[in-house]
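Reviewing the structure listed below.
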Amino acid sequence: MTAAADEPGLASRVLRRREAEELRRAPVAGLAEHRHRERIVRVEPWHGKRRVVTTPSVVVVLEQFLTVERRIGPGAAVTLLAPVVGAVRSAAAGGTWLAPTTDHIGLTEDGCPVVLLTAPAIDTPREARESLQRVLERVGTHCPELPVAALARHRDLLALEGMLYGLADPQGIGEEVRTLRASAGTVVRPSASSLPTSRHRRVHPLDGWPDRARALAVQRRGPLAAALVIVLGAVLTGLLAESPDRQRAAGASESASTSSGTPRPTSAPSLPPTPAAQTAPTVLEAEEAAELLLAAARACEDQSCARRLVTADSPLGSAGDGVKDRLPAHGEVSAVLADLNGASAVVHLTTPPGTAAASVLIIRTEAGWLIRDVYAGATP
């Protein structure tokens, strides 16, 4: 596999026709676009074979990165693992269970992890969790601080992703990846012919739900009053507004995170201060923050508004109305805390009848709570 020299950010590989077709039929190739999953841009004739152009451009695989004798800090482990769990979980929400190994997880030049098209698709949630556990254990051999046993106990992928983000601030690994690439040469990765495509199946969204159900930690008092929605703008202003010095620091941090490929949940753009913001609470419980953020998302009428409510690395960031689209269409939304791990929380949303309508992963930043992702129905 090589970078497409004339197309920055893309990679290409030349395959036999049969291999190219197998790759195009791979379960992961049919999934919706995701920042941390490889996708095919096009397939074109190439001297009697097929040239497959993909994005993003992967320069090494995780196994290569781990083979080098190195010690990985908790922040780097979060960078490597949390986005992969998120990519597997979002695929499962669409009915495709993936079981990537360290040979099926690529790293871009900036150190961004990507589940490759060659990642095997399997039959059951259990196999997906076992595969992720092996990846956790493999990374754990290089990161003594990683609580592998505690992480492996999480059967809910959303809770696992949230716990990983709660362990430490993600740390950029781009410089290490670029150094490794320079010394290793061409990336080594599984071929399309080795891809087990026959084991893929579409699963019902409720498959595995008994494994995911668990006691809720905190019971909310009830839905927020309608008056709270009226002052929502002022409350969010107080949560998101920052001083000029802090804005500059956040901007520099975001720039560094972008250049290093770190999936860091960063602060949202600040909003103009208002008098009402002076009395706004500076700390909100996770459930209340989720309700406020989701009510604000419902009220958003453009992409810039929605982007203020999500973390910089959220897959919803470029989707504009993606948050709104995943919310219950009508009725008040109340939240029940399902899991809290440091700076991350998983919140189940309920409609008035009490039926679980969606779940949300929120991250606490310096500016307050922000949305990372919303999942319709039961979470994988």
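Scanning segment 140-162 for residues that are buried (at least 17 other Cβ atoms within 10 Å of the Cβ), in contact with a Pro (Cβ under 8 Å, 6 or more places away or on another chain) and modelled with pLDDT of 90 or more gives C143, L146.
Just to confirm my filter: which strands (runs of 3 or more DSSP E) fall fully inside segment 8-94 and include at least 2 residues that are in contact with a helix residue (DSSP H, G or I) (Cβ under 6 Å, 6 or more places away or on another chain) and touching a residue at least 60 places away in the same chain (Cβ under 8 Å)?
Strands (runs of 3 or more DSSP E) meeting the threshold: 58-61.
Number of residues in segment 107-124 that are more than 18 Å from G75 (Cα to Cα) and either free of Cβ contacts under 8 Å to residues at least 60 places away in the same chain or crowded, with 20+ Cβ neighbours inside 10 Å (or both) equals 8.
Close contacts from segment 142-154, counting a first residue that is closer than 20 Å to E63 by Cβ and a second that is part of a loop (DSSP other than H, G, I, E, B), with Cβ to Cβ under 6 Å and a gap of 6+ residues or different chains, come to H142/I72; C143/I72.
Among the residues of segment 307-341, what is the count of those that are at pLDDT below 75 and touching a Cys at 6+ places or on another chain (Cβ under 9 Å)? Residues that pass the stated criteria total 4.
The values are calculated or read from the model by the stated rules, or taken from the named source; none is laboratory data. Keep in mind it's a predicted model, so treat the numbers as computed, not measured. Note that each Cβ is placed from the backbone with ideal geometry, even for glycine, and that neighbours are counted across all protein chains shown.
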